[in-house]
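S.K.: Submitted below is the structure of interest, expressed as structure tokens.
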Amino acid sequence: MPNAIESVLVENRVFPPPPAASAGAAIGSMDAYKKLCLEAEQDFDGFWRRQANENLVWSKPFSQVLDESNAPFYRWFGDGELNVSANCLDKHVQGGNADKVAIIFEADDGKVDKITYRELLGRVCQLANGLKKLGYKKGDRAIIYMPMSIEAVVVMQACVRLGVTHSVVFGGFSAKSLQERIVDVGATLVVTADEQVRGGKTIPLKPAVEEAFAMGGCDAVRQVIVYRRTGGKTAWVEGRDLWLHDVVAGQSEQCDPVPVEAEHPLFILYTSGSTGKPKGVQHASAGYLLWSLLTVKWTFDARPDDVYWCTADVGWITGHSYIAYGPLAAGLTQVVFEGVPTYPNAGRFWDMIARHKVTTFYTAPTAIRSLIKASAAAPDTAPDRYDLSSLRILGSVGEPINPEAWMWYHKTVGGERCPIVDTWWQTETGGHMITPLPGATPTKPGSCTLPLPGIAAAIVDETGADVDQGNGGFLVIKKPWPAMIRNIWGDPERFKKSYFPPELRGYYLAGDGAQRDADGYFWIMGRIDDVLNVSGHRLGTMEVESALVSHPLVAEAAVVGRPDDTTGEAVVAFVVLKGARPEGDEAAAVAKQLRDWVAKEIGPIAKPKDIRFGENLPKTRSGKIMRRLLRVVAKGEEVTQDVSTLENPQILDQLSKSV
Ligand code: 6R9
């Protein structure tokens, strides 16, 4: 089992929630937390029934809470109907909060735009009406390939208002990745922008859509709607391509939300698994909405005056649950940000927190680690140069946070006053699963602490039996929960196989290794499958390997992760070329070619940091690549394992040399 964060297991500092955080909190004490857990344990059905009735606006009430008759294809609130957009927008506009600011948008260049709930609803309705006029309706699928913007949220909300299932593709993914998703999801609509802007640079988006179309298979797409972000040039197909501003022009600001069944697919989001092809994680409408809302209330202790900021991109699950849905359903004012943490300098986050008086800040360990480095190098950009007194809660997501980064976040950013919620969850879980509650849970640096009420998290061995405290094992969820993945789009067999292996007694297998300490706290030890976590982004080693071997020069490739100070893990690729093993300048040139190739095949985040060439790869007699050995070699450590089974031990020597 990977032991990337072994050091945290000796962590013994405990930080009780400050009294100010507990006063008036949604869950303000361990007693309150335990009471909710007990309610869920003793009356599972009743607990979820109460939450769904108290938190959601239903157009048709549900009678059955959970239908397990076709497990693991669970159905939640199955005969109920609602509309997610009505729960995120109309609810507040009708409920007296129409003029509350919904989104404070800050662009890469610092320009700020604010939009109230009333205005947001108006724009969502205009677009929904425009889409309706183009013939889009419930059951259609739309691909969204957009930069961070108010428009991206408007497009997502407009889709769900009509019952159109969306699939957002991160703007950093390549044309090829985009094309695969357009085809797999069977999209009839693509919404994109001319370009995106990051750190003062423009990056084309619509041209990538053109490239994707040129690869074929996209014939089902009737329209490409383009948001004009920069005015950058793009090809234009008359009749197919439309400007977003033209689609909404003259449309009414009222559009009745289309009620959908609770289980109607709200969105499909692709994520990496242990085989080459990304999985289309399918989420349902009601259960997902309930959990994104409830976790915003609980984990972030949402209060009416909060200014909440999640720095994720809407292309990831965090940007779905904690930008596009949860905070809106909770009626919060939130910051949406287009740029990068280091532009115009590494003080960008702190400056924005000070200017917008952010109370709740949610970011990734990789960003924290890079800002620790940056502020050491340029003290002018360090958090202590900014007024961060508005902060009340700090959040972390995407990968284990190392205790050093945790302590810096706690002291330097949070002024030792703000609870840190280290939220463990996944694309598949829809929302937080294991996390501290800011007003209740004593925290320990590096632990995501305890499961939320209703979440039956446990650690088991390969037979599904609970492991003893202190022993490592597979992290599983023993009971279904409303926001769980419903299916892998178009591949129910893979869904069952990946998440509910028969030997694990029907438990949901998360794919992470974990351990519990004497207080029952969870410590996540990293993935147990061939999935890497680079800067909080999931990446399958097989995905990168298939990209590499599709290059005409490459005969064979093996990819492993290596611990990295900033990005958590880094991609290391071991490559055998069809021709001779390159050396010197030639090796450097080929390595660059391969890096660019991977960026083109998948996206820049997948680029190997380190490429090493060998005449062969270390293999067992049966021809299996010995990845364990490669992990050791990638770390630059000496191989102490027995290598007598290797055909050709001197290749280890070759592979230990970076280009
Ligand atoms: C939300 C998100 C999921 C994987 C997950 C785990 C890692 C996420 C974590 C964490 C330790 C945390 N992960 N949060 N590990 N502590 N607080 O990141 O979803 O992109 O699907 O990644 O990320 O390995 O299995 P996703």
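The values are calculated or read from the model by the stated rules, or taken from the named source; none is laboratory data. Everything quoted here is computed from the prediction, not taken from an experiment. Methodologically, a virtual Cβ is constructed for each residue, glycine included, from the backbone with ideal geometry; neighbour enumeration extends over all protein chains shown. What goes into the accessible areas is simple: the full protein's heavy atoms, side chains included, and nothing from ligands, DNA or RNA. Shrake-Rupley method; radii C 1.70, N 1.55, O 1.52, S 1.80 Å.
S.K.: How many of the residues making up the range 578-605 are touching a strand residue (DSSP E or B) at 6+ places or on another chain (Cβ under 8 Å), modelled with pLDDT under 95 and not in a loop (DSSP other than H, G, I, E, B)?
M.R.: Qualifying residue count for the region: 1.
S.K.: While we're here: Are any residues in the range 224-248 in a loop (DSSP other than H, G, I, E, B) and aromatic (Phe, Trp, Tyr), and if so, which ones?
M.R.: Trp236
S.K.: Could you check the range 276-306 and list, in sequence order, the residues that are among the aliphatic types (A, V, I, L, M) and open to solvent by less than 20 Å² (accessible area, probe 1.4 Å)?
M.R.: Val281, Ala284, Ala286, Leu289, Leu290, Leu293, Leu294, Val296
S.K.: Next up: Out of Asp301, Asp305, which single residue is more than 28 Å from Pro492 (Cβ to Cβ), away from the ligand (no atom under 13 Å from the Cβ) and either of a type in the set (Ser, Thr, Tyr) or touching a Lys or Arg at 6+ places or on another chain (Cβ under 9 Å) (or both)?
M.R.: One residue alone meets the criteria, Asp301.
S.K.: Are there any pairs with C-beta distances below 7 angstrom linking a residue in the range 84-109 that is surrounded by fewer than 21 Cβ atoms within 10 Å (Cβ to Cβ) to a residue that is modelled with pLDDT under 95 and not in a helix (DSSP H, G or I), with the two at least 6 apart or on different chains, and if so which?
M.R.: Close Cβ pairs (under 7 Å, with a partner that is modelled with pLDDT under 95 and not in a helix (DSSP H, G or I)) do not exist here.
S.K.: Just checking, how many residues over the range 186-200 are in a loop (DSSP other than H, G, I, E, B), open to solvent by 10 Å² or more (accessible area, probe 1.4 Å) and either under 15 Å from Ala547 (Cα atoms) or not small (Gly, Ala, Ser) (or both)?
M.R.: 1
S.K.: Give the range 434-444 a look and list any residue that's assigned to a loop (DSSP other than H, G, I, E, B) and near the ligand (Cβ under 9 Å from one of its atoms), or say none.
M.R.: Within the range 434-444, Thr435 is the sole residue that qualifies.
S.K.: Okay, moving on. Which residue out of Gly273, Gly315 is within 11 Å of the ligand (Cβ to nearest atom), open to solvent by less than 10 Å² (accessible area, probe 1.4 Å), within 16 Å of Thr363 (Cα to Cα) and in a loop (DSSP other than H, G, I, E, B)?
M.R.: Gly315
S.K.: A follow-up question, please. Please go through the range 201-218 and pick out each residue that is in contact with a Ser or Thr (Cβ under 9 Å, 6 or more places away or on another chain) and either part of a helix (DSSP H, G or I) or buried (at least 22 other Cβ atoms within 10 Å of the Cβ) (or both).
M.R.: Leu205, Lys206, Pro207, Ala208, Val209, Glu210, Glu211, Ala212 - these are the residues of the range 201-218 that are in contact with a Ser or Thr (Cβ under 9 Å, 6 or more places away or on another chain) and either part of a helix (DSSP H, G or I) or buried (at least 22 other Cβ atoms within 10 Å of the Cβ) (or both).
S.K.: Something else about it: Of everything in the range 547-558 that's buried (at least 17 other Cβ atoms within 10 Å of the Cβ) and more than 17 Å from Ser177 (Cβ to Cβ), which residue is nearest to the ligand (Cβ to nearest atom)?
M.R.: Only one residue tops the list, namely Ala558.
Each row is one residue, and each column tells you yes or no for (1) within 16 Å of the ligand (Cβ to nearest atom); (2) within 24 Å of Gly315 (Cα to Cα); (3) out of contact with any Phe, Trp or Tyr (no Cβ under 9 Å at 6 or more places or on another chain); (4) not in a strand (DSSP E or B).
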{"position": "Thr463", "(1), (2), (3), (4)": "no, no, yes, yes"}
{"position": "Gln469", "(1), (2), (3), (4)": "no, no, yes, yes"}
{"position": "Phe474", "(1), (2), (3), (4)": "yes, no, no, no"}
{"position": "Ala483", "(1), (2), (3), (4)": "yes, yes, no, yes"}
{"position": "Phe495", "(1), (2), (3), (4)": "yes, yes, no, yes"}
{"position": "Glu503", "(1), (2), (3), (4)": "no, no, yes, yes"}
{"position": "Glu545", "(1), (2), (3), (4)": "no, yes, yes, yes"}
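S.K.: Follow-up question, since we're still on this one. Please state which of the following conditions His410 fails to meet, knowing it meets all the rest: (1) in contact with an Asp or Glu (Cβ under 7 Å, 6 or more places away or on another chain); (2) surrounded by 24 or more Cβ atoms within 10 Å (Cβ to Cβ); (3) of a type outside the set (D, E, K, R).
M.R.: (2)
S.K.: Sticking with this one: Only residues that are part of a helix (DSSP H, G or I) and within 9 Å of the ligand (Cβ to nearest atom): list them for the range 405-433, please.
M.R.: Correct list: Thr427, Glu428, Thr429.
S.K.: Would you be able to say whether some residue in the range 365-375 is surrounded by fewer than 24 Cβ atoms within 10 Å (Cβ to Cβ), out of contact with any Pro (no Cβ under 9 Å at 6 or more places or on another chain) and of a type in the set (Gly, Ala, Ser)?
M.R.: Checking the range 365-375: not a single residue is surrounded by fewer than 24 Cβ atoms within 10 Å (Cβ to Cβ), out of contact with any Pro (no Cβ under 9 Å at 6 or more places or on another chain) and of a type in the set (Gly, Ala, Ser).
S.K.: Of everything in the range 148-169, what is small (Gly, Ala, Ser) and surrounded by 24 or more Cβ atoms within 10 Å (Cβ to Cβ)? Give them in sequence order.
M.R.: Ala152, Ala158, Ser167
S.K.: Oh, and also: Sort through Gly472, Gly415 and tell me the only one that's modelled with pLDDT under 95 and open to solvent by 30 Å² or more (accessible area, probe 1.4 Å).
M.R.: Exactly one residue qualifies, and that residue is Gly472.
S.K.: Does the range 67-78 include one or more residues that are open to solvent by less than 20 Å² (accessible area, probe 1.4 Å), among the aromatic types (Phe, Trp, Tyr), in contact (Cβ under 8 Å) with a residue 40 or more places away in the chain and within 26 Å of Gly280 (Cα to Cα)?
M.R.: Scanning the range 67-78 turns up at least one residue that is open to solvent by less than 20 Å² (accessible area, probe 1.4 Å), among the aromatic types (Phe, Trp, Tyr), in contact (Cβ under 8 Å) with a residue 40 or more places away in the chain and within 26 Å of Gly280 (Cα to Cα).
S.K.: From the list Val183, Val221, exactly one residue is outside any strand (DSSP E or B) and open to solvent by 40 Å² or more (accessible area, probe 1.4 Å). Which is it?
M.R.: The match here is Val183.
Matching residues to (1) away from the ligand (no atom under 16 Å from the Cβ); (2) open to solvent by less than 10 Å² (accessible area, probe 1.4 Å); (3) of a type outside the set (Gly, Ala, Ser):
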position	(1), (2), (3)
Ile323	no, yes, yes
Gln334	yes, yes, yes
Thr359	yes, no, yes
Ala377	yes, no, no
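S.K.: Still on this structure: Can you find a residue in the range 128-140 that is outside any strand (DSSP E or B), surrounded by fewer than 23 Cβ atoms within 10 Å (Cβ to Cβ) and of a type in the set (S, T, N, Q)?
M.R.: yes
S.K.: Which of the following residues is within 16 Å of the ligand (Cβ to nearest atom) and either among the hydroxyl-bearing types (Ser, Thr, Tyr) or out of contact with any Lys or Arg (no Cβ under 8 Å at 6 or more places or on another chain) (or both): Gly584, Gly579, Gly536, Gly561?
M.R.: The match here is Gly536.
S.K.: In this structure, does Gly454 turn out to be within 10 Å of the ligand (Cβ to nearest atom) and on the phi > 0 side of the Ramachandran plot?
M.R.: Spelling it out, it is not the case that Gly454 is within 10 Å of the ligand (Cβ to nearest atom) and on the phi > 0 side of the Ramachandran plot.
S.K.: Testing Gln251 on (1) within 16 Å of the ligand (Cβ to nearest atom); (2) part of a loop (DSSP other than H, G, I, E, B), one condition comes back false. Which one is that?
M.R.: All conditions are met except number (1).
S.K.: I'm trying to understand the selection: among the residues of the range 192-236, which are among the basic types (Lys, Arg) and under 23 Å from Val340 (Cβ atoms)?
M.R.: Arg198, Lys201, Lys206, Arg228, Arg229
S.K.: Go through the range 38-60 residue by residue and tally those that are closer than 24 Å to Pro257 by Cα and either exposed (fewer than 13 other Cβ atoms within 10 Å of the Cβ) or of a type in the set (S, T, N, Q) (or both).
M.R.: Total satisfying the criteria: 6.
S.K.: Okay, next question. Taking the conditions exactly as written (on the phi > 0 side of the Ramachandran plot and out of contact with any strand residue (DSSP E or B) (no Cβ under 6 Å at 6 or more places or on another chain)), does Gly439 satisfy them or not?
M.R.: no
S.K.: Could you tell me which residue of the range 380-404 is nearest to the ligand (Cβ to nearest atom), considering only residues that are modelled with pLDDT of 95 or more and part of a helix (DSSP H, G or I)?
M.R.: Residue satisfying both the conditions and the ranking: Pro383.
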